[in-house]
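The structure is given below, and queries will be raised subsequently.
Nothing in this text is a laboratory measurement; each read-out follows from the coordinates by a stated rule. None of these values were measured; they are calculated from a predicted model. Backbone-built Cβ (ideal geometry, glycine too); neighbour counts: all protein chains shown.
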């Protein structure tokens, strides 16, 4: 009997990221258009004009939390993620991107397993 090892790679065309922008000054907020501009600046800063040309979409944006779900082609994920990780200043304000979740499936971002789940269990009667 022979065994065969199979390795499954992510075959999804897109990868989804849940990211949050944090400023040192907690009173700073940015609109969705400005949020995208910050990401473009991060891409250009690290990867030049070719990085700024990486296509990505903001699928959902929460202004209060400055949190977004991004969609990027899987082949460009490493460039986007590295640019976000190394970015540290916008408009002379210290800031940082936090990548909370990454998945090849959008539904996987619906539940964050890192957050405390408050479940109320009813005893059996």
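For labels at residue 98 and residue 13 in the simple 7 Å Cα→Cβ model, what's the distance in nm?
So the two model labels end up 3.3 nm from each other.
So if R0 is 35 Å, what FRET efficiency would residue 64 and residue 2 give, r being the distance between their Cβ atoms, rounded to the nearest 0.05?
0.05
Using a/c under 1.5 as the rounded threshold, could you call the stretch 14-104 rounded, prolate or oblate? The axes a ≥ b ≥ c are square roots of the C-alpha gyration tensor eigenvalues, and prolate needs a/b larger than b/c, oblate otherwise.
The shape class here is oblate.
Residues of the stretch 15-35 with backbone nitrogen within less than 19 Å of a virtual label 7 Å along the Cα-to-Cβ line of residue 52, please, listed as ranges.
33-35
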